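Asks: I am attaching a structure below and will ask some questions about it afterwards.
The values are calculated or read from the model by the stated rules, or taken from the named source; none is laboratory data. On a predicted model such as this, the values are computed, not experimentally measured, just so you know. Note that we place each Cβ from the backbone using ideal geometry, even for glycine, and neighbour counts take in every protein chain shown.
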Amino acid sequence: MKKIVFLTGTRADFGKLKSLIQTTQDNSNYEVHIFATGMHLNAKYGLTSDEIYKAGFRNIYPFVNHTKEEHMDRALAKTIEGFSDYIEGINPDLIVVHGDRVEAMGGAIVGSLNNILVAHVEGGEISGTIDELIRHSISKLAHIHLVTNNNDIFINGKEVDTYTFQQDYYWLMGDNRHNSLDSRYWGFVPFDHVLGKPVMIWFSWDADAPTFKEKLKSIRWDRMFTTVGEDGEPVSYRYVALGLILLYFGISFFKKNKVE
């Protein structure tokens, strides 16, 4: 039985690897292990390691590779140390990493230096940032490559023109559009990672209006407190919402005067 270790550091790469993890875990020829680290173990980003457990996977090893300070070099060093200790006990036949984060780079370094096959998913892309240098470094260290090249897709050096997605993927934006960890950071999100659904538009205006006065004029009153995501025509509850707001302030004003 072949042993495979998947290294995942974020919700994004777990989403990309999830179907492959499931397929190999369901195959009796493979013994699958998951090394969960990075943002998965950071409360600031929602402790997304819980999603790995909820997916029903076995043999999950959580490892904290970060400190209070965010230093990529220190995170890389801790990942190498922790992953090296981990694989010494498992002795896997294959390590699978994804993308361009330092956790993947740590996994590739440990694998290559211990003569263990490393498979790199989504290498070869060009971004012009430090991510690109990390990604290409991982590709150099890896032995098996699943990459894209412009509009061409290559699996292990062989060009393919078809691939069947196992589920839908969505581009999601956080509630704070100016400073939110959302699809601008993670990329597209698989549907089984989407929790809840939008219910109502509570406010809408033209954020690109040149002045604040123009922004006030651009308020879309007909969209405020209007339902979304349901079948049929949207339903507006703006008058109900306005009534509840007035009721709240009225009760507060009454209680305040009564106390005085």
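Asks: Take the residues in segment 87-109 that are in a helix (DSSP H, G or I) and within 24 Å of the chain's Cα centre (by Cα); name whichever of them is farthest from Tyr30 (Cα to Cα).
Replies: Val102
Asks: Between a first residue in segment 18-32 that is over 19 Å from Asn91 (Cβ atoms) and a second residue that is of a type outside the set (Lys, Arg) and not in a loop (DSSP other than H, G, I, E, B), which pairs have beta carbons less than 6 Å apart while being 6 or more apart in sequence or on different chains?
Replies: The qualifying pairs are Ile21/Phe6.
Asks: Return the total of residues in segment 51-87 being touching a residue at least 12 places away in the same chain (Cβ under 8 Å), of a type outside the set (A, V, I, L, M, F, W, C) and more than 21 Å from Asp131 (Cα to Cα).
Replies: Number satisfying all stated conditions: 8.
Asks: Next up: Identify the residue in segment 25-49 that is hydrophobic (A, V, I, L, M, F, W, C) and modelled with pLDDT under 90 and, among all such residues, is farthest from Pro62 (Cα to Cα).
Replies: Among those residues, the one meeting the criterion is Ala43.
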